[in-house]
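Trainee: Encoded as structure tokens, here's the structure I'll be asking about.
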Amino acid sequence: MTAEMVAPAWMHQQITAQEYESWSEEQCAGIEIVDGMVVVSPSASKRHNRLARLLANALDVAAGPDWNADTDFDVRLQDVPLTNRRPDVIVYRADTIDITPTRPEHVLLVAEVVSPGSETTDRIVKVDQYAKAGIGFYWRIEQAATGTPLVYTYLLDPATRTYREGDVFTGTLKITAPFAAEIDLGQI
């Protein structure tokens with residue numbers, strides 16, 4: 001067995017927030033940390049990345065000056081055991097742009113674009129983790145190979161820290177909460 005075939009030691013042991021923060025951006029790219037363990041995320045398809053970017057751009061415009069919408073950065077859901085998720089789209093308080101790590105209290109909405117291989121994680125696991133962390137809104141985007149995506153919306157019930165199902169959109173996403181927006185999903 002060659003050295004390239006052996007996974008590095010850090011992939012087989014829990015890491016702490018302090019250890020993770022000592023890693024370079026390159027080391028942190030393409031991974032999430034769940035209960036202290038590194039979870040490697042495969043590269044997303046061009047369609048997935050485009051959908052996330054265009055949705056983030058539309059939300060950034062609609063959210064106004066107090067909120068930013070971006071893609072592909074860590075949200076620290078808990079410190080011990082360390083859990084960092086990297087949502088496809090994150091709407092967060094604009095005044096926290098330089099604060100690291102981004103924490104749930106900075107985040108208004110997260111969205112995940114479901115891809116082959118991420119179905120269970122995006123439809124079940126992350127929904128529960130984001131709700132327990134107290135993030136107010138969760139959107140799940142189901143891709144259609146040749147058609148307009150479907151957007152499933154969820155709203156946090158703060159008493160139970162679970163999400164209630166909201167509306168499902170295809171064609172045009174028209175919302176009033178967490179802010180007013182109308183997004184033509186056919187253009188995404």
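Trainee: Take THR176, THR121 and sort them by solvent-accessible surface of the protein heavy atoms, 1.4 Å probe, largest at the top.
Mentor: THR176, THR121
Trainee: For ARG164, tell me the accessible area in Å² from a 1.4 Å probe, rounded to the nearest 10.
Mentor: Accessible area of ARG164: about 130 Å².
Trainee: Still on this structure, please answer the following. Under a Cβ-Cβ cut-off of 13 Å, what is the net charge of the residues other than ALA62 that fall near it, where Lys and Arg count +1 and Asp and Glu count -1?
Mentor: That works out to -3.
Trainee: For the Cα atoms of the chain, what angle does the longest principal axis make with the long axis of helix 46-63, in degrees from 0 to 90, nearest 10?
Mentor: Helix 46-63 and the main axis of the chain meet at about 60 degrees.
Trainee: Among 87-94, 73-80, 149-156, 62-69, what's the highest-first ranking by average C-beta atoms within 10 angstrom per residue?
Mentor: Those peptides, ordered most packed to least, come out 87-94, 149-156, 73-80, 62-69.
Trainee: Any number yet on Rg/Rh for the chain, C-alpha, Kirkwood?
Mentor: Here the Rg-to-Rh quotient is 0.97.
Trainee: Between GLU21 and ALA94, what length comes free when the chain is fully extended (0.36 nm per residue of separation minus the Cα-Cα distance, one decimal in nm)?
Mentor: 24.0 nm
Trainee: For segment 114-171, with only Lys/Arg (+1) and Asp/Glu (-1) charged at the beta-carbon, what is the dipole magnitude about the Cα centre, in debye rounded to 20?
Mentor: 180
Trainee: Here's a follow-up. Of LYS126, LYS46, LYS174, which has the largest mean-square fluctuation in a 10 Å C-alpha GNM of the chain?
Mentor: Per the Cα network of the chain with a 10 Å cutoff, LYS46 tops the list.
Trainee: Would you list which aspartates and glutamates come within 16 Å of LYS132, measuring only between C-alpha atoms, while excluding same-chain residues fewer than 8 positions from it?
Mentor: Within reach: ASP35, ASP79, GLU105, ASP122, ASP157, GLU165.
Trainee: For the chain, what does the helix formula give at 222 nm: sum of -39500 (n - 2.57) over DSSP H segments with n ≥ 4, over the residue count, nearest 500 deg cm²/dmol?
Mentor: My calculation for the chain gives -5000 deg cm²/dmol from helical runs alone.
Trainee: I'd like the distance between the alpha-carbon centres of segment 70-91 and segment 132-178, rounded to an integer number of Å.
Mentor: The distance from the Cα centre of segment 70-91 to that of segment 132-178 comes to 18 Å.
Trainee: Then there is this: Under the definition of Cα pairs under 8 Å and six or more residues apart, what whole-number percent is the relative contact order of segment 1-155?
Mentor: Relative contact order comes out at 16 percent.
The values are calculated or read from the model by the stated rules, or taken from the named source; none is laboratory data. Keep in mind it's a predicted model, so treat the numbers as computed, not measured. Cβ sites come from the backbone with ideal geometry, for glycine too, and all protein chains shown count toward neighbours. Areas reflect the complete protein model, heavy atoms only, side chains present, ligands, DNA and RNA absent. Shrake-Rupley method; radii C 1.70, N 1.55, O 1.52, S 1.80 Å.
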